[in-house]
Amino acid sequence: MAHCVSKEAEDILDKEFPVLDKGFIRLVDYLGSDERIVQSARVSYGEGTKSYREDAGLIDYLLRNRHTSPFEQVVLTFHIKMPIFIARQWVRHRTARLNEISGRYSVMKDDFYVPDAQDISPQSSDNKQARETVPFEKQKAEQIRAAFIDGQKTAYNEYKSLIDSGLAREIARINLPLSLYTEIYWQIDLHNLFHFLELRLGAHAQKEIRLYAQALLDIAKKVAPRACASFEKHITGSVTFSKTEVLEIKKLIAASNQKCSLEGREKEIFESKIT
């Protein structure tokens, strides 16, 4: 089995893709590509890769039918800079390996996330964990942005003062806010990346993490474009139904077919009468 190389992925290795005001994602390394998915799926048949169309069709079949293990053969390693409040959502996905910068060993940088005015909105009236889609008017939004910046400056100046006074770094960091940027190395296989993206690209995910998820997908397309195309076709571009909903849909289809049959029969009778 040959080593898989994607020219498109090679071209973006270590390139920073900006996210938010100071964040980024970099593809550090990758193992495998679309070809590795195909090779893995066909190993039991002893067959090599076939035509582009056949390979794409196989990948599409595997993803559509949730045959996930071949996608685990592709592994991506990212360097990500994100606000801590995003990182806390990120680590809920426990199917990856990560290492985060430590405030016990290093003095944290003066890097904080400040949302754009267009992203500063009131609390949603019908969703306890979300914001309204319409932001505050510009003057109020700018006042809130200024309050964020002032609070962040105060917190960081106090942090630095405590560091300079000789306090241990692991204690001095305690009062730093969730808007502080952190950095991680994150390694995940393609199957579990798709699961992450399915959730974090969803409309219910917080906007900031959706932006990171979109950047991840854009990068993954350079490594495994056919697999990502199938993911967008069958996962992000699809809906699922419960058993009850499927039964109701079947009833509607049956009723519609019966109506069409009756209308067709009525048409036949009418035509027979006028001829």
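The values are calculated or read from the model by the stated rules, or taken from the named source; none is laboratory data. Treat the numbers as computed from the prediction; the structure is a model and nothing was measured. We place every Cβ from the backbone using ideal geometry, glycine too, and count neighbours over all the protein chains shown.
What pairs can you find where one residue is in the range 77-91 and farther than 14 Å from LEU216 by Cβ, the other is at pLDDT 95 or above and assigned to a loop (DSSP other than H, G, I, E, B), and their Cβ atoms are less than 6 Å apart, with a gap of 6+ or different chains?
From the range 77-91, the pairs are PRO83/TYR113; PRO83/SER179; ILE84/LEU178; PHE85/LEU178.
Kindly indicate whether any position in the range 156-163 is touching a residue at least 24 places away in the same chain (Cβ under 8 Å), touching a Ser or Thr at 6+ places or on another chain (Cβ under 7 Å) and either outside the structural domain of LEU76 (by TED's automatic domain parsing) or not small (Gly, Ala, Ser) (or both).
no
If I filter the range 68-86 for residues that are in a loop (DSSP other than H, G, I, E, B) and of a type in the set (Lys, Arg), do I get at least one hit?
The answer is no, given that none of the residues of the range 68-86 is in a loop (DSSP other than H, G, I, E, B) and of a type in the set (Lys, Arg).
Scan the range 36-46 and tell me whether some residue there is at pLDDT 95 or above, over 17 Å from the mean Cα position of the chain (by Cα) and surrounded by fewer than 20 Cβ atoms within 10 Å (Cβ to Cβ).
No.
Kindly list the number of the only condition in (1) closer than 23 Å to LYS22 by Cβ; (2) at pLDDT 95 or above; (3) loosely packed, with under 12 Cβ neighbours inside 10 Å; (4) among the polar types (S, T, N, Q) that fails for THR154.
(3)
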